[in-house]
Amino acid sequence: MKKIAVAGAGFSGAVIARELAQAGYRIEVFDARPHVAGNCHTARDAGTGVMTHVYGPHIFHTSNEKVWNYVRQFDEFMPFTNRVKAVTNGHVFSMPINLLTINQFFGKTFSPKEAESFLASLGDQSITDPQTFEEQALRFVGRELYEAFFHGYTKKQWGIHPSELPASILRRLPVRFNYDDNYYASTFQGMPKNGYTEIVARILDHPHIKVHLNTKFERSMDDGYDHIFYSGPVDAWFKHSEGRLGYRTLDFVPERHRGDYQGNPVINYCDEAVPWTRISEHKHFSPWESHDNTLIFKEYSRYCEESDTPYYPIRLAKEKSQLRRYVELASEERKVTFVGRLGTYRYLDMHVTIAEALDVAERFLACRASGQKM
Ligand code: UDP
């Protein structure tokens, strides 16, 4: 049987490799980094023993039962609900905006119905079809809440004014007229007991899969593979012929302390004057463990230079037209399938990545079964 190459050992690559290995293919997986799991990588911090989300917080949530059942084959998922706090102008609030946030912010005791009509009265009703992040916020929560919670944070996170960002970014966050402070609206949520790297390692643990770490896969390495699944940056595959696609990168500045530093896994800092966007305290991602000492990351966002780790695709007008050209080039590749966050230049949650990878593998196998090329 001919071999398949998978570039990238994050969730995309690992899931595709596993599905095809189980169908009898021989798979070679390559990753430039010294570990599997991509940006989901977790490792125990030597100083504190805390399980660390090395590339920032990753909380598993999904409403897709197939994905939930899939990941739970590889580790036990411990109960975990992401409850985020947000600091603005010297006060701590609950995030996403919910009834507690609204009542505390405005010093009220509104019922759900009262809060809903109050917020409607604050919203700018003249904006009928919000296009930008700022318009979306002004339309649905009004200027005071926008300035307190979104304006500064978003400027720090994206490096541009919210009036230049698409409304879709804010639509990721709900506004709730009850006391539900769960950050996600997904049906299932949890944290892998042994970390994400262990899960990915177990997905890749199959006699037909060979993993090559510290090995960046490039076009020139195609020595007759039957097919290539590429989850690296799409622009890098084409040697940046259409220019570099823009990303935001993150810097995590660690600090170690005794005891409990902030009493919560994630606290957002919404004021523009505070240079970090948020602080994560990693032992609170594993609340079933006990540690005397604690590790925190202060998180800073900036433009991603060539040597940095890409995180958030910027996807403004310039990048979108560049992307269109890369998509054309990609569609001309006969035996390469571009997958995942970097391969398709989209900001994907883990559960979406896994669902898409399962889908791609299924389509590939169906094509082969009917004698077609994918
Ligand atoms: N956001 C904000 N203040 C917050 C949290 C989020 O302004 O306290 C904005 C920010 O622009 C962010 C977007 O809402 O990019 C979506 O939030 P989400 O938590 O989905 O961002 P993620 O970190 O997952 O990209």
For the stretch 273-372, give the magnitude of the charge dipole about the Cα centre (Cβ charges: +1 Lys/Arg, -1 Asp/Glu; no others), in debye to the nearest 20. 440
Sticking to Cα atoms, compute the Rg of the chain to one decimal and its Dmax as the biggest Cα-Cα distance, whole number, in Å. 22.0, 69
By count of other Cβ within 10 Å, fewest leading, how are Ile199, Ile296 ordered? Ile296, Ile199
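Explain nothing, just the number: dipole magnitude of the chain about its Cα centre with +1 on each Lys and Arg Cβ and -1 on each Asp and Glu Cβ, in debye rounded to the nearest 20. Please list the in-between numbers first.
Working: 45 positive and 46 negative charges, 129 e Å.
Result for the chain is approximately 620 debye, rounded to the nearest 20.
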Counting Lys +1, Arg +1, Asp -1, Glu -1, what net charge surrounds Gly8 among other residues with beta carbon under 11 Å of its beta carbon? +2
Please order Asp222, Asp349 by the number of other Cβ within 10 Å, starting at the fewest. Asp222, Asp349
What is the distance in Å between the Cα centres of the stretch 122-138 and the stretch 254-295? 33
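Ranked by Cβ crowding within 10 angstrom, fewest neighbours first, how are Lys2, Lys108 ordered? Walk me through the intermediate numbers first.
Values: Lys2 9, Lys108 13.
By the 10 Å Cβ count, ascending, the order reads Lys2, Lys108.
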Computed over the stretch 259-374, the relative contact order (Cα-Cα under 8 Å, seq sep at least six) in percent reads 15
If you take the square roots of the eigenvalues of the alpha-carbon gyration tensor of the stretch 98-171 and sort them as a ≥ b ≥ c, do you get rounded (a/c under 1.5), prolate (a/b over b/c) or oblate? oblate
Given the candidates Gln372, Gly340, His351, the one whose Cα lies deepest towards the positive end of the charge dipole of the stretch 306-372, counting +1 at each Lys or Arg C-beta and -1 at each Asp or Glu C-beta, is Gln372
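Mean Kyte-Doolittle hydropathy of 0.5 or higher plus an axial Cα length of 27 Å or more: which whole DSSP H helices in the chain meet both?
Span-like helices, by this rule, are 350-369.
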Net charge around Val253, counting only other residues with Cβ within less than 13 Å of its Cβ (Lys, Arg = +1; Asp, Glu = -1)? +1
Please identify every one of the trypsin sites (Lys or Arg not before Pro) in the stretch 230-315 that sits in a loop by DSSP and has no more than 15 other beta carbons within 10 Å of its own beta carbon. Lys239, Arg244
What residue among Val67, Ala120, Ser231 has its Cα farthest toward the positive end of the dipole of the chain, where the charges are +1 on Lys, Arg and -1 on Asp, Glu, each on the Cβ? Ser231
Distance check, please: which entries in Lys85/Lys298; Lys156/Lys320; Lys2/Lys335; Lys156/Lys239; Lys2/Lys66; Lys66/Lys318 exceed 25 angstrom between their Cα atoms? Lys156/Lys239; Lys2/Lys66; Lys66/Lys318
Which is the longest part of the chain that has none of the GluC sites (Glu not before Pro) sitting in a DSSP loop with at most 11 other Cβ atoms within 10 Å? 77-304
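Throughout, read-outs are computed from the coordinates displayed, never taken from laboratory work. Everything numeric in this text was worked out from a predicted model, so none of it was measured. Cβ sites come from the backbone with ideal geometry, for glycine too, and all protein chains shown count toward neighbours.
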